[in-house]
Amino acid sequence: MDTLKIANREFKSRLMVGTGKYPSNDIMVKALEESGAEVITVAVRRVNLDRSKESLLDYIDLKKYTLLPNTAACYTAQDAIRTARLAREALGTELVKLEVIGNEKTLFPDNEALLEAAKVLVKEGFIVLPYTNDDPIMAKKLEDIGCAVVMPLAAPIGSGLGIRNPYNIRIILETVKVPVIVDAGVGTASDAAIAMELGCDGLLMNTGIAGAKDPVRMARAMRLAVEAGRLAYVSGRIPKKLYATASSPIEGMI
C-alpha cells in the first residue's frame with residue numbers, strides 16, 4: 001500500500017488537518033470526517049487540556065484520530081520546548097508539530113530558534129515535525145539532527161496563496177530523505193494537487209478548510225485533491241514539450 005510513514009507510524013491518508021477556526025465544533029467534526037485525515041493537530045496553548053472541563057478534545061474521537069499537538073503561538077525555543085513537554089504529559093504522545101514563530105505579522109518561523117528547540121526535543125525522545133520555511137539548507141539541518149519529517153511552508157499561514165516557490169520545494173525533495181509535508185498557505189484543491197504532484201509526501205492544512213464558506217465540502221475537495229495529486233505523481237506524468245505530438249501514431253499508414 002502507498003502509505004505515509006512517520007518514524008515508527010504509518011498512515012493511509014496523506015492529509016493532516018487542523019482543528020482551529022471552524023464556525024462550530026459540530027462543523028469541525030463533520031469536516032474532519034470528510035477529509036479522511038487520520039492525523040489532526042491541536043494547538044496546545046489554545047485548548048483546555050484539563051479533561052475534567054469542557055474542551056475541544058471532547059469532540060474528537062481519540063480512537064479514530066492520532067493527535068498531533070503543535071506549539072503554535074510560541075515565539076522562543078524555550079516556550080516551544082515547554083509547550084511540547086506539557087503536551088506529552090497531558091496527551092500521552094511523543095508526536096509534536098514544532099513551531100517557533102519569528103514575526104507576528106508574517107508568522108514566518110524563526111529558524112535558529114526552531115533548530116535549537118528541535119535538538120532538545122529530539123534528544124528527549126520526541127517525534128519532531130518542524131514547521132520551517134522553504135529553505136533546503138534548513139530542511140537538511142533539521143533532518144540531520146533527527147527530525148522525523150520536514151514541513152516547509154507553501155506560503156504564509158492562513159494566506160491561501162498556494163505554493164509560491166515550487167522550485168525550492170523540489171530542491172528540498174531532492175535534498176532530504178525524510179518525508180516532506182507541506183504546511184501553511186494552501187487555499188484550494190488545486191494547491192493541494194500541485195503539492196502532491198511535485199512529489200510531496202503529505203499536506204497539513206487548517207484555514208483552507210476551516211475558513212471556506214462550506215468547510216465540510218472543502219474538506220472533501222482537499223481529500224480528493226491530495227489523492228489525485230499523489231496518484232498522478234506515482235503514475236509518472238508525460239514530459240512537457242514545446243510542439244505537438246500526434247495522439248494516433250502515423251507510422252506505417254498509407
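List of remarks:
- Meets criteria (open to solvent by less than 60 Å² (accessible area, probe 1.4 Å) and closer than 30 Å to L129 by Cβ) for V226: yes
- The residues of region 182-211 that are small (G, A, S) and closer than 20 Å to A72 by Cβ, listed by number, are A184, G185, G187, G202, G208, A210, G211.
- Residue count for region 48-66, restricted to those that are polar (S, T, N, Q) and open to solvent by 50 Å² or more (accessible area, probe 1.4 Å): 2.
- Checked against (1) crowded, with 24+ Cβ neighbours inside 10 Å; (2) without any contact (Cβ under 8 Å) to a residue 60 or more places away in the chain, L173 passes all but a single condition, namely (1).
- Residues of region 1-19 that are open to solvent by less than 30 Å² (accessible area, probe 1.4 Å) and under 14 Å from the mean Cα position of the chain (by Cα): L4, I6, F11, S13, R14, L15, M16, V17, G18, T19.
- Boolean, I181 is in contact (Cβ under 8 Å) with a residue 40 or more places away in the chain and within 21 Å of D2 (Cα to Cα): yes
- Within region 173-194, the set of residues being farther than 13 Å from L142 by Cα, among the aliphatic types (A, V, I, L, M) and within 11 Å of the chain's Cα centre (by Cα) comprises I181, V182, A184, V186, A192.
- Restricting attention to region 143-156, the residues that are open to solvent by 10 Å² or more (accessible area, probe 1.4 Å) and either among the acidic types (D, E) or touching a helix residue (DSSP H, G or I) at 6+ places or on another chain (Cβ under 8 Å) (or both) add up to 4.
- Residues being in a loop (DSSP other than H, G, I, E, B) and not polar (S, T, N, Q) - total across region 1-25: 9
- Matching residues in region 67-125 - criterion: being surrounded by 19 or more Cβ atoms within 10 Å (Cβ to Cβ) and part of a loop (DSSP other than H, G, I, E, B): T71, A72, C74, E99, V100, D110
- All positions within region 26-47 that are assigned to a helix (DSSP H, G or I), open to solvent by 30 Å² or more (accessible area, probe 1.4 Å) and more than 17 Å from P69 (Cβ to Cβ): D26, I27, V29, K30, E33, E34
- Meets criteria (open to solvent by 10 Å² or more (accessible area, probe 1.4 Å) and farther than 25 Å from Y167 by Cβ) for R237: no
- Test: S159 is open to solvent by 40 Å² or more (accessible area, probe 1.4 Å), part of a helix (DSSP H, G or I) and within 24 Å of R220 (Cβ to Cβ): no
- Set A189, A193, A139: member being touching a helix residue (DSSP H, G or I) at 6+ places or on another chain (Cβ under 8 Å), over 19 Å from E10 (Cα atoms), open to solvent by less than 10 Å² (accessible area, probe 1.4 Å) and modelled with pLDDT of 95 or more: A139
- Cβ-Cβ under 6 Å pairs, at least 6 apart or on other chains, region 65-90 side over 16 Å from I127 (Cβ atoms), far side open to solvent by 50 Å² or more (accessible area, probe 1.4 Å): A73/R45; A77/E116
- Selection within region 126-151 - of a type in the set (G, A, S) and either in a helix (DSSP H, G or I) or over 17 Å from E94 (Cβ atoms) (or both): A139
The values are calculated or read from the model by the stated rules, or taken from the named source; none is laboratory data. Source: prediction; values computed, not measured. FYI the Cβ positions are ideal-geometry reconstructions off the backbone, even for glycines, and counts take in every protein chain you see. Protein only, heavy atoms only, side chains kept; ligands, DNA and RNA dropped before computing areas. Shrake-Rupley method; radii C 1.70, N 1.55, O 1.52, S 1.80 Å.
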